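Please read the structure below before turning to the comments.
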Amino acid sequence: MLRIDLDERDDYTICRPVGELDAYTVGQFREALGELATRPKLLIDMSDVPFVDSAGLGALIGGIRRAREVGGDVAVCCNRPTLVRLLHTTGFDRIVTVTDTLAEAAKSLTEEKEEAAAADDRRR
């Protein structure tokens, strides 16, 4: 069984799947990420996911792709060493920011916003 908790913050939305992310639960996760794709900043907290199979990883990548296609930004946090190792081994961390803590992931999303604003100011 998979539960997906959402937490709306001022600058970003947290999507927190809770439970195994596998072939049996991936449809629910894929649907949730599809609905969240239009959010400008999405933080996916994988800390309560004890297991991810290839279907789950594919859904995660697809959700990130959809969010970026509409101009969104995504960061992932996870404090589970086996899952972090999977994300690094598969090269996932080269396509999206992966951090150990929620605070670091949130900072990566908000810093990018501040850097973009500073770049806009320099162009004026």
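Annotations
- In the set (1) under 26 Å from Asp10 (Cβ atoms); (2) modelled with pLDDT of 95 or more, Ala55 fails one condition alone, (1).
- Of all residues in the range 2-13, exactly one satisfies the criterion of being part of a loop (DSSP other than H, G, I, E, B) and within 12 Å of the chain's Cα centre (by Cα), namely Tyr12.
The values are calculated or read from the model by the stated rules, or taken from the named source; none is laboratory data. In this text, all values refer to a predicted model and were calculated from it rather than measured experimentally. Methodologically, a virtual Cβ is constructed for each residue, glycine included, from the backbone with ideal geometry; neighbour enumeration extends over all protein chains shown.
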